[in-house]
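Okay, so here's the structure we're looking at.
The values are calculated or read from the model by the stated rules, or taken from the named source; none is laboratory data. Not measured: the values here are computed from a predicted model. A quick note on method: Cβ atoms are made from the backbone with ideal geometry, for glycine too, and the neighbour counts reach across all protein chains shown. Side chains are part of the model used for accessible areas, which takes the heavy atoms of the whole protein and leaves out ligands, DNA and RNA. Shrake-Rupley method; radii C 1.70, N 1.55, O 1.52, S 1.80 Å.
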Amino acid sequence: MFVGAQVSLYPMTDGFVDVILSSLHALDPWRDKLRIETDDISTLIVGPPEVLFPALRDLYSASAATGEHIVLRSTLSRGCPGEPDDPICQTNALANPSEPLASRQSSALSAITETPEKGQFADAQFSLYVMGAGDHMAEIMGCIDFLKQSGTFLRSKNFCTRLSGDAGPVFATLEQAFCRFGPPNGHVTIDLTVSANSPSKR
């Protein structure tokens, strides 16, 4: 299965190059478990979700720790039918296809409670898209029910859900939404925006 993210980091400062380059060091502990390709628009990060989400969390946290207003934008995808299987993406993180929705919700909540905090606040909004045949709305509504119990839920918005809290639990919530809902071998995507130090909050 192909599991990956197109990621762009936007620092709102004249010193944006320094913020980006210094933040990239946060990916160093994960590099041997990921495939990373960068061009002038975005960076593709490919790997298992249990590595991919912590890497995104650490990239976000490092850039947010500069105190500058930064935005991380990402499109995450698993099981895209247009992509070949990639050995680097081998994972046991995806839900069992026979596991009932309520059991998957419970497992997702347990995973968040075991997640350590990073000491960096995260404001996020995201949309989950379950592709293909089947009752995709049941999966999406099941995910929303899970989000409301996650401890990171802020509110619903048109077309997306707001999360807020420490970056550790927020990115763990996103990982569980990505892995536990939708068919385990099907195409599932997330459209994600995470913001730090926004002047709009002051």
### Message
Which numbered condition in (1) open to solvent by 20 Å² or more (accessible area, probe 1.4 Å); (2) of a type outside the set (Lys, Arg); (3) over 21 Å from Asn185 (Cβ atoms) is the only one that Tyr60 fails?
### Response
(1)
### Summary
Matching residues in region 131-159 (outside any helix (DSSP H, G or I), in contact (Cβ under 8 Å) with a residue 40 or more places away in the chain and surrounded by 14 or more Cβ atoms within 10 Å (Cβ to Cβ)) number 3
### Check on Arg162, within 18 Å of Thr75 (Cα to Cα), open to solvent by 40 Å² or more (accessible area, probe 1.4 Å), basic (Lys, Arg) and in contact with a helix residue (DSSP H, G or I) (Cβ under 8 Å, 6 or more places away or on another chain)
no
### Task
Kindly provide the set of residues from region 104-130 that are small (Gly, Ala, Ser), surrounded by 14 or more Cβ atoms within 10 Å (Cβ to Cβ) and more than 19 Å from Leu94 (Cβ to Cβ), ordered by number.
Ala122, Ala124, Ser127
### Query
Looking only at region 63-96, which residues are open to solvent by 50 Å² or more (accessible area, probe 1.4 Å) and of a type in the set (Asp, Glu)?
Glu68, Glu83, Asp85
### Query
Among the numbered criteria (1) within 30 Å of Asp85 (Cα to Cα); (2) open to solvent by less than 10 Å² (accessible area, probe 1.4 Å); (3) outside any loop (DSSP other than H, G, I, E, B), which single criterion is violated by Asp191?
(2)
### Message
For the structure I just gave you, tell me whether Phe178 is open to solvent by less than 20 Å² (accessible area, probe 1.4 Å), of a type in the set (A, V, I, L, M, F, W, C), at pLDDT 95 or above and in contact with a helix residue (DSSP H, G or I) (Cβ under 9 Å, 6 or more places away or on another chain).
### Response
yes
#### Entry: Scope region 1-45; condition in contact with a helix residue (DSSP H, G or I) (Cβ under 8 Å, 6 or more places away or on another chain), under 16 Å from Thr75 (Cβ atoms), of a type in the set (Val, Ile, Thr) and touching a residue at least 24 places away in the same chain (Cβ under 8 Å); matching residues
Val3, Val7, Ile45
